[in-house]
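The values are calculated or read from the model by the stated rules, or taken from the named source; none is laboratory data. Source: prediction; values computed, not measured. Methodologically, a virtual Cβ is constructed for each residue, glycine included, from the backbone with ideal geometry; neighbour enumeration extends over all protein chains shown. Quick note on the areas: whole protein, heavy atoms, side chains included, nothing else; ligands and nucleic acids left out. Shrake-Rupley method; radii C 1.70, N 1.55, O 1.52, S 1.80 Å.
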Amino acid sequence: MRRGFKILGALFGLAVVLAIAGAGGVVYVFYHYGRGLPEYSQLADYEPPTVTRVHAGDGRLLAEYATEKRVFVPIEAIPRRVVNAFLSAEDKNFYDHPGVDFLSVVRAIVINVANFGSDRRPVGASTITQQVAKNFLLTNEVSIERKFKEAILAFRIEQAFTKETILELYLNEIYLGFGSYGVAAASINYFNKSLDELTIAEAAYLAALPKAPNNYHPVNRHEAAVARRNWVVGRMVEDGRITAEEASEAAAEPLVIRRRDDTEVFEADYFAEETRRELARLYGDKGLYSGGLSVRTTLDPHLQEIANRVLRKGLIDYDRRHGWRGALQQISGGEAADVVAQLQAIERPIGVDASWQFAAVLATDSKQAEIRLADGSSGRIPMAELKWARKWIEGQRIGHEPKQPGDVLQAGDVVLVEAVTEDADGAAYEAGVFGLRQIPDVNGGLVALDPHTGRVLAMAGGFSHLRSEFNRVTQARRQPGSAFKPFVYLAGLDSGFTPATMILDAPFVLDQGAGLGKWKPSNYSKEFYGPTPMRVGIEKSRNLMTVRLAQTIGMDKVVDYARRFGVIENMEPVLSMSLGAGETTLMRITTGYAMLVNGGKRISPTLIDRVQDRHGRTIYRHDLRSCEPCQVEGWRNQAPPELPDEREQLVDPASAFQIVGMLQGVVQRGTGRRIAALGMPLAGKTGTTNDNLDAWFVGFSPDLAVGVFIGFDEPRTLGPQDTGSNVAAPVFKDFMADALTQEDAVPFRIPPDIRMVRLNAENGELARPGDRNVFLEAFKPGTEPTGRAVVLDGGYNPSTGTPASGTGGLY
């Protein structure tokens, strides 16, 4: 008996020693592997990388930016059947264990020992909490040390967070294949459904993916995918989460993938890219691609659609006027099937209209060219659709008009064509008639903005963003030519002159210094017109008058106005700059014109109205004015709030209105008179640089400022007769024709203290009874014409009684 007690005592002592040793071992493991672990409390502030969405002014989607296409969904919004599927597949005892499921660990050890040496995959025992610890705080390293750390962190996480929070972290973070991060993204990408639309079978399939999405690819490994899905369904029955009947239906359901619908994105690529750059500047790449921002831009989709269309049309029209540059390539003839095969093997040019098709010329006769299309159908190009295709000659000149189709096309030519239904006179064509098309090699830009706020409403930065991402609205720095002149004349008006001031239009020679020769500017017409009213100088774009005015007021003042209106920074104070020799962008000069029509108040162009973070908090607003009366739940017939006008006044509003009136004369009587046919209150100015390298038209209605630039990316002449008047102005006209309605036909706003005086448009003198060509001119009080006219010759400033500033050398 005693001996038995001794043995029991020894065993008990040994058990105590082992227990103490085991406890010590556990303490040591926790101490050793628990040191330096990541701070798990950061999970409380978990903000997963989510998609930043950029929207137009009307809410339509423009672009999405993300490193991980994830949609974060709170656990309360995740359907229970989805949660149950993942619990059965990954951690059926989730709600019962403290972070580590010891029973599962023991079972996994026994099974893996039994399977040792076989081809069976080792069984794991990681809980969902352990997976959260690994995914958020550790690496994917396979080692005993990482498993210890994972277990320790799982215990700590369970003590710090509720089970529901842990589930929320897990279900929004896991990668499930098909570029899907989180269950919401996977539901859309695999089944084109929201989470609450998933069937039990579909939820079970998603729950089968966390371990190895590629192993259960629904197409490449369909049988394995179905088997794994049905395994999850079986586990759900065992766990009592679904009935046997529901399981039977789920197992019988075919595994069918429905790719997500294409997200409807409004086409405004240049605008979207410019917005992306601005967001990256404001919030960095991490904030842009992971921050889940909601961005409301200034874009007006209606105006953007017009901008895209009229700019492309203008570029194509210009290109057709300058001849045919030849076929895309040549193919050999042969059977119809061989021709079609050769066409289908040719890569389609990017950025061309969807309606343009490849065609091969089969033969030509005196009336038409027979063609074969890439889809195997046949057609013809009549001579009427080939008359434009004169041979292109270097220098943007063209050859003789073709007399027959063979002058343009040869058998085997591969060309672009478009189906046409009527000829230039509107007569209907029969079916199967096509027109010859050509991708323009010229390019350009168009921008439209609100002159009162600076909100950019439309931006087309080129013929096609796919062909060239270079934005000719914001990135192309070119000479504006005569489009800069309004700022010279505005400086003159602020210097005491009036639109009726007479300026000498006569030869001008400036000695530039030793070895530099003499500068001799001239008018476009190469003629001289003598003393002429200032208004006519801008209407007819007279260079000599502009130079004399700049010489009179001094180039330092012109430089100040160019800087003040943001057109050109740090412009050199030399007279050639008064004719637009400095470089600017279309965005800058259009914004400058906007500040003319708004009464001379400073605005900054903006593409973004508001930015909200992932929680809906507004973190950026372009309009920073406070408006407490705006903070109401709804409108109850109260008067609209009056917001303070905090814009800086740059110039005398009267001077700004005078220059607006002079620019209105450009449209009515000057270089932009083709626009007058619209019958709307419009104003603007053409611009053409030396050798016709650049063509501009910048103008406005009372509430819309628009700029157009056309030129080659590698500057070369547009042609001997191609100017802002016949290249850029038609695009401006087409845009305004579609953008404006009769409701927009309001007159330009007249500031206080302006006197409207009737003048003779031919000589700028006071109108007399019987004069026919009469218009109203704006004058500041006390500056109305009296009959005496002083002529500015560039050498004397009558408003100050001092010699004109400048470099001298006036002859």
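Numbers for the structure displayed
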read-out	value
Top-ranked residue in the range 257-284 [being acidic (Asp, Glu) and not in a helix (DSSP H, G or I); ranked as nearest to the chain's Cα centre (by Cα)]	GLU267
Selected residue [among the hydroxyl-bearing types (Ser, Thr, Tyr), farther than 30 Å from ARG348 by Cβ and in contact with a Leu (Cβ under 7 Å, 6 or more places away or on another chain)] from THR501, THR532	THR501
Residue satisfying all of: in the range 565-609; acidic (Asp, Glu) and part of a loop (DSSP other than H, G, I, E, B); farthest from the chain's Cα centre (by Cα) among these	GLU572
Members of the range 703-735 that are touching a strand residue (DSSP E or B) at 6+ places or on another chain (Cβ under 9 Å) and assigned to a loop (DSSP other than H, G, I, E, B)	PHE712, ASP713, PRO715, LEU718, GLY719, PRO720, ASP722, THR723
Subset of the range 279-291 [surrounded by fewer than 18 Cβ atoms within 10 Å (Cβ to Cβ) and under 20 Å from ALA56 (Cβ atoms)]	ALA280, LEU282
Filter pass, VAL547 being open to solvent by less than 20 Å² (accessible area, probe 1.4 Å) and among the aliphatic types (A, V, I, L, M)	yes
Residue in the range 526-535 that is open to solvent by 30 Å² or more (accessible area, probe 1.4 Å), under 14 Å from SER576 (Cα atoms) and under 46 Å from the mean Cα position of the chain (by Cα) present	no
Members of the range 194-220 found to be without any contact (Cβ under 8 Å) to a residue 60 or more places away in the chain, of a type in the set (D, E, K, R) and more than 23 Å from GLN131 (Cβ to Cβ), listed by number	GLU197
Hits in the range 626-637 - residues which are part of a loop (DSSP other than H, G, I, E, B) and open to solvent by 70 Å² or more (accessible area, probe 1.4 Å)	SER626, GLN631, VAL632, GLU633, TRP635, ARG636, ASN637
Any hit, the range 62-78, residues being loosely packed, with under 15 Cβ neighbours inside 10 Å, at pLDDT 80 or above and among the aliphatic types (A, V, I, L, M)	yes
Residue match in the range 260-267 (condition: over 30 Å from ARG53 (Cα atoms) and surrounded by 15 or more Cβ atoms within 10 Å (Cβ to Cβ))	no
The lone exception for ASP645 - which of (1) open to solvent by 10 Å² or more (accessible area, probe 1.4 Å); (2) assigned to a strand (DSSP E or B) it fails	(2)
Filter result (of a type outside the set (D, E, K, R), open to solvent by 50 Å² or more (accessible area, probe 1.4 Å) and assigned to a strand (DSSP E or B)) within the range 364-386	THR364, SER378
Residue ID - farthest from LEU466 (Cα to Cα), chosen from residues in the range 296-339 that are in contact with a Lys or Arg (Cβ under 7 Å, 6 or more places away or on another chain) and crowded, with 18+ Cβ neighbours inside 10 Å	VAL339
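This table checks each residue for (1) of a type outside the set (Val, Ile, Thr); (2) surrounded by fewer than 17 Cβ atoms within 10 Å (Cβ to Cβ); (3) under 30 Å from the mean Cα position of the chain (by Cα).
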site	(1), (2), (3)
GLN721	yes, yes, no
VAL727	no, no, yes
LYS733	yes, no, yes
MET736	yes, no, yes
ALA739	yes, no, yes
ILE754	no, yes, no
GLU762	yes, yes, no
ASP771	yes, yes, no
